[in-house]
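Since the structure comes first, as structure tokens, the remarks are kept for the end.
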Amino acid sequence: ITGSVDDEGMKPDVRIYHRCNNKGLFGIENLCKREAVYTIPSSYITNGSRSNNWFELGNLNLETKQANEKVHCFSNPFRAIFDGRK
């Protein structure tokens, strides 16, 4: 991945959206997507076009609940209620 950085620096992360083992809202399967976010440590961000220091995320079992997991219900009519919007 290439790009430029502003004064605040770069804070990249990996976001995985999936429906693995999703029980769904009100028991309706696959109504919502699960999101897991993993921040890439700054020690893996380099200047230049090549990096010799690769970030290894490892193997993930997306069936299990991740510590940093969120649920997104993009097409859910009840989303506004659960997000606290009226």
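The values are calculated or read from the model by the stated rules, or taken from the named source; none is laboratory data. From a predicted model like this one, the values you see are computed outputs, not experimental measurements. Note: ideal-geometry Cβ built from the backbone for every residue, glycine included; neighbour counts use all protein chains shown.
Could you grab me the full set of residues in the stretch 43-60 that are in contact with a Ser or Thr (Cβ under 7 Å, 6 or more places away or on another chain) and at pLDDT 80 or above? Across the stretch 43-60, the qualifying residue is only Asn53. Just to be sure I understand the filter: pairs with C-beta atoms under 9 Å, separated by 6 or more residues or on different chains, first member in the stretch 9-37 and at pLDDT 85 or above, second member surrounded by fewer than 11 Cβ atoms within 10 Å (Cβ to Cβ) and acidic (Asp, Glu). Which pairs pass? These pairs meet every condition: Val37/Asp13. Answer yes or no: is there a residue in the stretch 65-75 that is surrounded by 11 or more Cβ atoms within 10 Å (Cβ to Cβ) and modelled with pLDDT of 85 or more. So far as the stretch 65-75 goes, yes, one or more of its residues are surrounded by 11 or more Cβ atoms within 10 Å (Cβ to Cβ) and modelled with pLDDT of 85 or more.
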